[in-house]
Structures are given as C-alpha cells and as structure tokens.
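Below: one structure, written as structure tokens.
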Amino acid sequence: MPQDQKLLKYSSEYSDELSLDDELKKIRSCIQCGMCSAVCPSGSFTALVTRKIMRKALAGDHSVLSGPEIWYCSTCFNCYERCPRTIPVTNVILRLRNMAVREGYLPDNLKSVIKNLANTGHAVPLGGPDSKWAKLRELHKLKKVPPTVHSFPEALDELFTLLDKIKFNARIPYR
Amino acid sequence: MTEIKEKKEELIEKPFSDLKYSLYLGCVIPNRYPMIERASRFVFDKLGIEIIDMNGATCCPAPGVFRSVDKALWLTLGARNLTIAQNNNTTELLTLCNGCFGTLHEVEHEMKSNPEINKRINEVLAEKNLHFDGSVNVRQVMDVLYFDIGLERLKSLVKRTLNLRTAIHYGCHILKPATTQLFGQDPDNPTFFDEVVEAIGSKSIDYREKLMCCGAGGSLRTGFKDSSLQYTLAKLREIRKVGVDCIVVCCPFCHLQFDLGQVEVSKLLDEGEEEFRIPVIFITQLLGLAMGYEPEDLGMIKPTELKGISPFISFDPLLKKIESIPLDEAKRDK
Ligand code: SF4
Ligand code: SF4
C-alpha cells in the first residue's frame, strides 16, 4: 500500500534515537470507524476530530503536524481504551506532537513551560524564596522552599548534564 | 495484574509503622497548592506512616507538555526521579497527583518491560552515575489508601462522621490506560474513590459526566485555556444540578482546574447564570477532617495577607458546616 510507505518514510525521518515508532505504525489498522471521535470530550468543544487525525497521519498529510488540532487533546485516554483495533490513539497523538515539535510547530504558550523546566527543574517553579507561594508555604508550616531541585543546586546541575546528554537543547532550543 | 494484586494483599496486613514511602511532590503541590502537601504530611504523620522526602526531585516531567514535546526527555527525567526513591532505600514511591502518577508509573512500566528503552535510558543516566534497577513501585495516594491502609482500617480511623455530600472527581490518569493501572477496576465503572469516601463517612453523590476529564491535562490548559475551561464548565454545571458541599479530588492539577477554574469560567457563563462557589478539597483533607483534626492542620486556611493564592474558592461554607458536626464520641456521650 503506497500509503503505508508514506507513513513509514515520514516517521523514520523524524524519529530520534530514543523514540521507537511501533505505536505510530499501529494506525495502519485503523478502519475509520469514528469510535475515537465519538468518545472524545475535546471533540465537543474544539475542532479536534480524532478519526481525521488518524486518516491524515496514515496518508502522510503534512497538515496533521502543522495544524493546531493535535494540541486540543487533553490526553484523557478515552479513545485509547475504546478503539476496536486497539490502536493506542492517545499515544499516537503524543507521537505526532513530538514530530510536529521537531518541525517547529510548538504552540507558543508551551514554550515558557519548557523554559521553566529546562532552567529550574520545575514546569511550575516556586518563583524564589520571597515569592507569595513561598510565603504561603510558610503559613502552612512547611519549609519555605520545598525539598525538590529548588533546594539542591547539585540536582539542577545533574538535570543540565542529562539534558545535554540527550541533546535536548539542540532539538528544542528553549533553555 | 495478578502479581500486583497478590502483593497488595500482603501489604494490607502490615501495621502502619511498617509502611514507608518516598514522597514525590511534583510541581503544582509544593509550588501552588501547598495545602495539599500540608494535609498529606500531617495525616501520614498522625498515622505513624514513614514519609521520606525525595531530595532534588524535578518535575515528573508532566505527561501533557513534556511527553508531547520530547519522549526522550520525558523518559530520562522520569527515570532519574525513580532513582531518587531507589537511593532512599524505599520500594514505594508515593505521588499525590494523577499526572505525576501517569508519568512515573508509565516510565516505571517502560523501564521494566522494554529492555531497549531500559538500556538506552540507563546509558544516559550513567553520565551522572545513576542507574535505575527496577526496585521502585510507583503508587498514587488513592492506591495507598485503598490497598495499603484498606477500607476497614479507614473506617476505624473516623472520629467525626461528616456525612458531607461530595462530588468525586477521579481524573483520567489514575484510571487509564487500564492496562498499566493498579486498581483492577473497569475504567468506565471505577468504585475505589467512592468506596474510600464512603468508608470515611461522607456520601459520594452521582452526577452526569462524573468520569469526564477536568480539561487541564495534555497541555490543553497551558496551550488553549478557554477550551480546557469548557470541560470544567460542563462538569461544574452537572455538579451544581445535584447539589454538593464540596468537590473531592486526588490530583492537584484537577484541584487547580476546579478551584481557580470556577473563577476563570465566569466569563463563559450564560447570561444570568450564577457564578460557581463550590469548595474543592483534596482526599487527605477529607480524611483528616474525618479523623477529627482541625481544618488549619489540614491547610484549610485562606491567609488574608496574601493576594492571588490558593484556594481561590473559599472553604467557609464547608467549614461552617463542619464546625457544627460534633466528634462521634461527644455524640455517643449525649
Ligand atoms: S477508533 Fe480506532 S479504528 Fe476507529 S477511527 Fe479511531 S483510531 Fe481508527
Ligand atoms: S485522549 Fe485526547 S483525543 Fe483521545 S478522547 Fe481524550 S481528548 Fe480526545
């Protein structure tokens, strides 16, 4: 099937050393039944039509990566549980997002969260020992700064080393 | 699955003093909802259960944003967090969050079942002399309450029968994917949360869309907040229909989405529709109240000196109601 070839070429092109594409390949068994869309809460509120995402991915249609729809999924895993062909639909969407990011299609609002993690170790950082959140911790009789990476500079160094090791900054330059 | 269950049955027999967990805090709990940390530490301490901090832990990393962005990053940092629990000499890692549970449990699963991923990730970790040896089990607070403490012991802990009408929100990643989750219950018909709430003396009130997602996950809140609030609004409307004293959650991100979300959905309400003011509490807060502890010991305070902090919806109506409920002992004495 030429469609399959397209999909395979397409995915291997973007697959990095650590990401295995077995899950993505499973969409070849999609019968376009629409069960995934029927159980998708996001579908009631957004333009996400999971069945169409599967079809486009299968056809190697580039708009599946460049469009915003894959980012409307809240990863509730309803579709994953219900697909009659046991396609891990949610994981496929996450995999497509990985590929979209490699192509530079990362929604703007996510960039700051990635910066937070790459610089502080927390996606949602405390904001320092003088922040209102640190004061709130104190009022709850907790240590002002939690015993996470926030309290251990050597842990932050460890994080930076590991990020370098997987070449995170080269792939996603948001540090 | 059976293996997991058999092990759980063994655990039920353990006295509290033999229970020991590495506490994984994540991001939202320590940095935005410290009341959850306060209540959980307080309750576990009172039970005599040992809690060991995971010094230097990072973000899990969050399953929505980071698994979407880069699976290699997600696996590497997730596995690093697992090694902290391992180096604490604990086999049980306790998370208070569905998202952290989703990430850490799935990373645990990948590291234990996929030799290729195990090898590659351990090679990365070796750069910092770390190695995940598979000796850590990732646990969620509901799972610990349900299996390790158990319903019978929970019942025996109750000193104040609250009889509150509660709307339970399970959240998603504690239920699905069902193949990797712990409860052995149908994700379309779970009962463990309801059983725990009923065991500690409150009522779980059924409502439509009870199992629906809160809308926060998958980076939807981060990326497209208004769409994520549509989920929340749909659920809140159903909850309002049945009338409850509070919403009970077992995840800080769902907690935030329902608490701050009630303020944020104001702009999406229909003309003339009443604003939402339903208190949202964490399961360990409900447990602490049922055990007879004071609300302030469980982080149920709203400091007036700070602006723009959690909780965004006042506990007051709930606290007023609880104040009027005597301890069971006092009731018996009468
Ligand atoms: S439910 Fe499965 S088979 Fe049906 S359309 Fe969705 S992905 Fe394809
Ligand atoms: S996981 Fe995403 S695509 Fe699947 S049903 Fe939930 S919101 Fe829809």
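The values are calculated or read from the model by the stated rules, or taken from the named source; none is laboratory data. Here the structure is a predicted model, which is why all the values come from computation and not from measurement. When we count neighbours, we look across all protein chains shown, and the Cβ atoms used for this are built from the backbone with ideal geometry, even at glycine. The protein model used for the area step is the full one, side chains on, heavy atoms only, and it has no ligands, DNA or RNA in it. Shrake-Rupley method; radii C 1.70, N 1.55, O 1.52, S 1.80 Å.
Quick notes on this structure:
- Test: residue in the stretch A:105-119 that is over 26 Å from B:ILE29 (Cα atoms) and either more than 10 Å from chain B (Cβ to nearest Cβ) or more than 13 Å from ligand 2 (Cβ to nearest atom) (or both): yes
- Only listed residue being touching a Phe, Trp or Tyr at 6+ places or on another chain (Cβ under 6 Å) and either more than 14 Å from every other protein chain (Cβ to nearest Cβ) or within 16 Å of ligand 2 (Cβ to nearest atom) (or both), chosen from B:ILE149, B:ILE168: B:ILE168
- Check on B:ARG139, among the basic types (Lys, Arg) and either crowded, with 23+ Cβ neighbours inside 10 Å or in contact with a strand residue (DSSP E or B) (Cβ under 9 Å, 6 or more places away or on another chain) (or both): yes
- Test: B:LYS176 is among the basic types (Lys, Arg) and within 11 Å of another protein chain (Cβ to nearest Cβ): yes
- Segments classed as helices (runs of 4 or more DSSP H), wholly inside the stretch A:30-84, with at least 1 members that are more than 9 Å from chain B (Cβ to nearest Cβ) and more than 9 Å from ligand 1 (Cβ to nearest atom): A:41-45, A:50-58, A:63-66
- Any pair with Cβ under 8 angstrom, 6 or more apart, that starts in the stretch B:288-317 at a residue that is within 16 Å of A:LYS135 (Cα to Cα) and ends at one that is small (Gly, Ala, Ser): B:GLY299/B:ALA39; B:MET300/B:ALA39; B:LYS302/B:SER314
- Any hit, the stretch B:180-197, residues being small (Gly, Ala, Ser) and open to solvent by 30 Å² or more (accessible area, probe 1.4 Å): yes
- Scanning the stretch A:27-51 for residues that are among the polar types (S, T, N, Q) and more than 22 Å from B:CYS214 (Cα to Cα) returns A:SER29, A:GLN32.
- Matching option when the condition is of a type outside the set (Lys, Arg), surrounded by fewer than 17 Cβ atoms within 10 Å (Cβ to Cβ) and at pLDDT 95 or above, among B:THR91, B:THR83, B:THR95: B:THR91
- Looking across B:LYS307, B:LYS331, one residue alone is more than 16 Å from ligand 1 (Cβ to nearest atom) and either within 11 Å of chain A (Cβ to nearest Cβ) or of a type in the set (Phe, Trp, Tyr) (or both). It is B:LYS307.
- Summed over the stretch B:49-58, the residues that are open to solvent by less than 40 Å² (accessible area, probe 1.4 Å) and either touching a His at 6+ places or on another chain (Cβ under 6 Å) or away from chain A (no Cβ under 12 Å) (or both) give a count of 1.
- Some residue of the stretch A:63-85 being farther than 23 Å from B:LYS71 by Cβ and modelled with pLDDT under 90: no
- Whenever a residue of the stretch A:31-45 is open to solvent by less than 80 Å² (accessible area, probe 1.4 Å), its partners that are modelled with pLDDT under 95 and more than 6 Å from ligand 1 (Cβ to nearest atom), lying with C-beta atoms within less than 7 angstrom and at least six residues away or across chains, give the pairs A:GLN32/A:ARG55.
- Scanning the stretch A:76-94 for residues that are more than 9 Å from ligand 2 (Cβ to nearest atom), on the phi < 0 side of the Ramachandran plot and of a type in the set (Ser, Thr, Tyr) turns up nothing.
- Among the numbered conditions (1) surrounded by fewer than 19 Cβ atoms within 10 Å (Cβ to Cβ); (2) within 16 Å of ligand 1 (Cβ to nearest atom); (3) in contact (Cβ under 8 Å) with a residue 40 or more places away in the chain, the only one that A:VAL89 does not meet is (1).
- Residue in the stretch B:181-195 that is at the interface with another protein chain (Cβ under 7 Å from one of its Cβ atoms), out of contact with any strand residue (DSSP E or B) (no Cβ under 7 Å at 6 or more places or on another chain) and of a type outside the set (Gly, Ala, Ser) present: yes
- Scanning the stretch A:95-104 turns up no residue that is near ligand 2 (Cβ under 10 Å from one of its atoms), at the interface with another protein chain (Cβ under 8 Å from one of its Cβ atoms) and open to solvent by less than 10 Å² (accessible area, probe 1.4 Å).
- With respect to (1) surrounded by fewer than 24 Cβ atoms within 10 Å (Cβ to Cβ); (2) at the interface with chain A (Cβ under 9 Å from one of its Cβ atoms), the lone exception for B:ARG38 is condition (1).
- Any chance B:ARG32 is at pLDDT 95 or above and in contact with a Gly (Cβ under 6 Å, 6 or more places away or on another chain): no
Residue by residue, here is whether (1) touching a helix residue (DSSP H, G or I) at 6+ places or on another chain (Cβ under 9 Å); (2) within 22 Å of A:THR75 (Cβ to Cβ); (3) of a type outside the set (Gly, Ala, Ser) holds:
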| position | (1), (2), (3) |
| --- | --- |
| B:SER227 | yes, yes, no |
| B:GLN230 | yes, yes, yes |
| B:ARG237 | no, no, yes |
| B:VAL244 | no, no, yes |
| B:CYS251 | yes, yes, yes |
| B:GLN257 | yes, yes, yes |
| B:PHE312 | yes, no, yes |
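- Test set (1) touching a Pro at 6+ places or on another chain (Cβ under 8 Å); (2) more than 9 Å from every other protein chain (Cβ to nearest Cβ) - A:LEU136 fails condition number: (2)
- Pairs, first at positive phi in the stretch A:55-68, second aromatic (Phe, Trp, Tyr) and assigned to a helix (DSSP H, G or I), C-beta under 8 Å, six or more apart: A:GLY60/A:TYR10
- Of the residues making up the stretch B:227-253, just one is under 26 Å from B:LEU25 (Cβ atoms) and open to solvent by 10 Å² or more (accessible area, probe 1.4 Å), namely B:PHE253.
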